[in-house]
1. Would you mind putting 81-93, 50-62 in packing order, based on average other-beta-carbon counts within 10 Å, highest first?
2. Spelling out what I want: for every residue of the stretch 121-135, take phi, set θ = phi - 60°, compute 6.51 cos²θ - 1.76 cosθ + 1.60 (Karplus), and round to whole Hz; glycine and proline get x.
3. Using Cα centres only, tell me the gap between the stretch 1-79 and the stretch 94-137 in whole Å.
4. In vacuum, with every alpha carbon of the stretch 5-103 counted as one equal point scatterer, what does the Debye formula give for log10 I(q)/I(0) at q = 0.14, 0.15, 0.24, 0.25 Å⁻¹? Two decimals, please.
5. Would you count, across the chain, every pair of lysines whose alpha carbons are under 15 angstrom apart, provided the pair is eight or more residues apart or spans two chains?
6. In terms of modelled amide H atoms, which long-range or inter-chain residues lie less than 5 Å from the amide H of Ala25?
7. Taking K and R as +1 and D and E as -1, what net charge do the other residues with C-beta under 11 Å from the C-beta of Gln6 add up to?
8. Residues of the stretch 96-127 with backbone nitrogen within less than 19 Å of a virtual label 7 Å along the Cα-to-Cβ line of Glu54, please, listed as ranges.
Amino acid sequence: MSDPIQVSDTVRVPGEAIRFKAVRAGGAGGQNVNKVSSKVELRIDLLAIEGLPEDALARLRTSQRNRLDAEGLWMVVSDRTRDQLKNLDDARDKVVEAIRAALVRPIIRRATKPTKGSKERRLDSKKRTSQTKAQRRGSFD
């Protein structure tokens with residue numbers, strides 16, 4: 001069981017919803033990568049997040065759909081550094097950032113009609129372009 005993650009005043013990921021696992025990281029590090037388990041995997045039960053509204057949960061599920069495992073747990077991975085504790089902090093920061101992004105409701109764009117002034121400006125511009133091109137044409141008499 002891990003420490004709970006406080007996202008905001010009302011939203012919190014309880015420790016029971018978090019599964020922590022340390023694994024060996026690949027990449028640079030020489031022999032260190034073969035000996036030390038510095039990569040961190042957090043698996044979080046989305047349904048156990050406290051205070052998360054249904055619409056935010058749907059947005060979070062959609063944004064993280066490629067990181068959900070077969071059980072429906074959200075997998076957050078960090079192997080940014082060679083230090084396990086720094087990677088754990090980084091993974092927890094990723095969780096907070098993703099949940100905060102899901103809490104923001106997207107602005108719905110409503111289609112509007114062009115104004116009378118914008119229509120007139122567009123037509124004036126077209127007339128000017130037409131006149132400029134007409135002046136370029138020479139007469140072949």
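1. The most tightly packed comes first, giving 81-93, 50-62.
2. Couplings: 4, 4, 5, 4, 4, 5, 5, 4, 4, 4, 5, 4, 6, 5, 5 Hz.
3. What the calculation gives is 40 Å, centre to centre.
4. -0.53, -0.60, -1.23, -1.30
5. Lysine pair count for the chain: 6.
6. Ser38, Lys39
7. Summing Lys and Arg as +1 and Asp and Glu as -1 gives -1.
8. Taking a point 7 Å out along Cα→Cβ of Glu54, the residues of the stretch 96-127 whose backbone N falls under 19 Å are 102-106.
Bear in mind these aren't lab numbers, they're just calculated from the coordinates by the rules spelled out. Not measured: the values here are computed from a predicted model. Every residue, glycine among them, receives a Cβ derived from its backbone with ideal geometry; neighbour counts consider all protein chains shown.
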